[in-house]
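> I'd like to ask you about the structure that follows.
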Amino acid sequence: MMSPMSADPIITAKNIFKSYSGRPVISGMDFDVSAGRCFGFLGPNGAGKTTTLRMILGLSPPDRGELSVFGMSVPDQGARIRARIGVVPQNDNLDPDFTVIENLRIYGTYFRLDKADVNRRIDELLNFMDLADRADDRPSALSGGLKRRLTIARALINNPDLIILDEPTTGLDPQVRHAIWARLRDLRKAGKTLLLTTHYMEEAERLCDELVIMDHGKILDRGAPGQVTGRHVDTDVIEIRDIAAATADQLSTLASVHRVEQHGDTTFTYTAEPASVIRFLQHNGALHYVHRKANLEDVFLKLTGRDLRE
């Protein structure tokens with residue numbers, strides 16, 4: 001069912017640029033994606049993630065720079081490249097007039113697959129995504145989680161080497177999300193290469209071997225989730241609610257506190273020595289606080305800001 005890993009990068013981008021109506025969207029990006037790994041693109045709305053995916057698919061060629069997928073030039077060999085890619089779009093676009101099995105069968109015809117091969121793949125995928133007992137149902141009878149599992153199964157019908165996942169678990173409840181994560185990890189273990197965009201930082205931390213954080217068409221940092229987090233924030237964060245201004249000023253002077261940020265009614269304190277900060281808070285009255293480990297979301301907000309984006 002799955003193809004073996006390759007030692008060569010599946011995607012290589014060198015100094016790529018892209019503009020729309022004279023407005024720069026991608027500004028000199030360099031990255032490569034190794035085979036058999038999960039690579040994440042993180043960034044706020046308008047960062048250039050969707051444009052990057054469209055370029056990789058050969059649907060929107062770069063204005064300049066070099067981009068290759070499977071060693072083939074984009075967009076010159078776009079059709080050959082797309083034949084080896086599976087795409088899970090952000091929004092489910094299943095055909096409501098067809099059953100689960102018919103959605104898979106018809107999608108298989110787009111790749112000119114042999115009928116026997118399509119039927120074999122359908123059986124494999126229905127079992128892989130736990131959909132065998134819903135094969136004759138139409139999408140309208142499926143929950144959001146089941147529709148998402150069908151959309152992922154459909155993306156795998158051509159046994160792709162590269163799977164592009166555009167926010168694959170948005171809007172799903174935690175149980176469904178964890179079930180889909182397990183299936184995606186199975187695909188990665190089997191040698192598939194996953195390209196992921198997500199707004200769930202936990203999803204990126206759990207799935208990605210490597211990721212980039214991007215904004216305004218530029219890569220701000222790249223690495224494994226733990227490496228990126230360690231480069232930008234301390235090990236611990238203490239969130240304090242409704243702290244008095246004078247107390248916050250005193251807090252920021254502690255030797256163990258490396259950074260303090262105020263957002264609304266919450267003060268974020270970054271430190272590698274949380275015990276001393278907690279002692280200070282306890283000495284200064286009944287403050288409501290939460291102590292947690294720093295995570296990728298802290299890095300994301302530090303690099304891209306906390307302002308709302310449209």
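The values are calculated or read from the model by the stated rules, or taken from the named source; none is laboratory data. Fair warning: this is a prediction, and the values are worked out from it, not measured in the lab. Neighbour counts run over all protein chains shown; Cβ positions are idealised from the backbone, glycine included. Protein only, heavy atoms only, side chains kept; ligands, DNA and RNA dropped before computing areas. Shrake-Rupley method; radii C 1.70, N 1.55, O 1.52, S 1.80 Å.
> Look at ARG121 and say whether it is open to solvent by 20 Å² or more (accessible area, probe 1.4 Å), over 26 Å from ALA224 (Cβ atoms) and more than 19 Å from the chain's Cα centre (by Cα). I'd like the intermediate steps shown before the answer.
On the way: open to solvent by 20 Å² or more (accessible area, probe 1.4 Å): no; over 26 Å from ALA224 (Cβ atoms): yes; more than 19 Å from the chain's Cα centre (by Cα): yes.
Taking the combined requirement at face value, the residue does not satisfy it.
> List the residue pairs whose Cβ atoms are under 7 Å apart, where the first residue sits in the range 128-149 and is in contact (Cβ under 8 Å) with a residue 40 or more places away in the chain and polar (S, T, N, Q), the second is open to solvent by 20 Å² or more (accessible area, probe 1.4 Å) and in a loop (DSSP other than H, G, I, E, B), and the two are 6 or more positions apart or on different chains.
Pairs that qualify, where the first residue is in contact (Cβ under 8 Å) with a residue 40 or more places away in the chain and polar (S, T, N, Q) and the partner is open to solvent by 20 Å² or more (accessible area, probe 1.4 Å) and in a loop (DSSP other than H, G, I, E, B), are SER140/PRO96.
> Could you check how many residues of the range 69-101 are out of contact with any Asp or Glu (no Cβ under 7 Å at 6 or more places or on another chain), over 23 Å from LEU187 (Cα atoms) and of a type in the set (S, T, N, Q)?
2
> Consider the range 45-79. How many of its residues are in contact with a strand residue (DSSP E or B) (Cβ under 8 Å, 6 or more places away or on another chain) and assigned to a helix (DSSP H, G or I)?
7
> So ALA272 clears everything in (1) over 24 Å from ILE213 (Cβ atoms); (2) in contact (Cβ under 8 Å) with a residue 24 or more places away in the chain; (3) open to solvent by 50 Å² or more (accessible area, probe 1.4 Å) except one condition, right? Which one?
ALA272 satisfies every listed condition except (1).
> Among residues belonging to the range 215-251 that are among the small types (Gly, Ala, Ser) and loosely packed, with under 14 Cβ neighbours inside 10 Å, point out the one that is nearest to the chain's Cα centre (by Cα).
Of the residues in the range 215-251, the ones among the small types (Gly, Ala, Ser) are 217, 223-224, 226, 230, 244-246, 248.
Among the residues that remain, those that are also loosely packed, with under 14 Cβ neighbours inside 10 Å are: 224, 226, 244-246.
Values: ALA224: 13, GLY226: 15, ALA244: 38, ALA245: 38, ALA246: 40 Å.
Only one residue tops the list, namely ALA224.
> Here's something else I'd like to know. Please state which one of ARG134, ARG149 is surrounded by 14 or more Cβ atoms within 10 Å (Cβ to Cβ), in contact with an Asp or Glu (Cβ under 8 Å, 6 or more places away or on another chain) and under 23 Å from THR170 (Cβ atoms).
Just one listed residue meets the conditions, ARG149.
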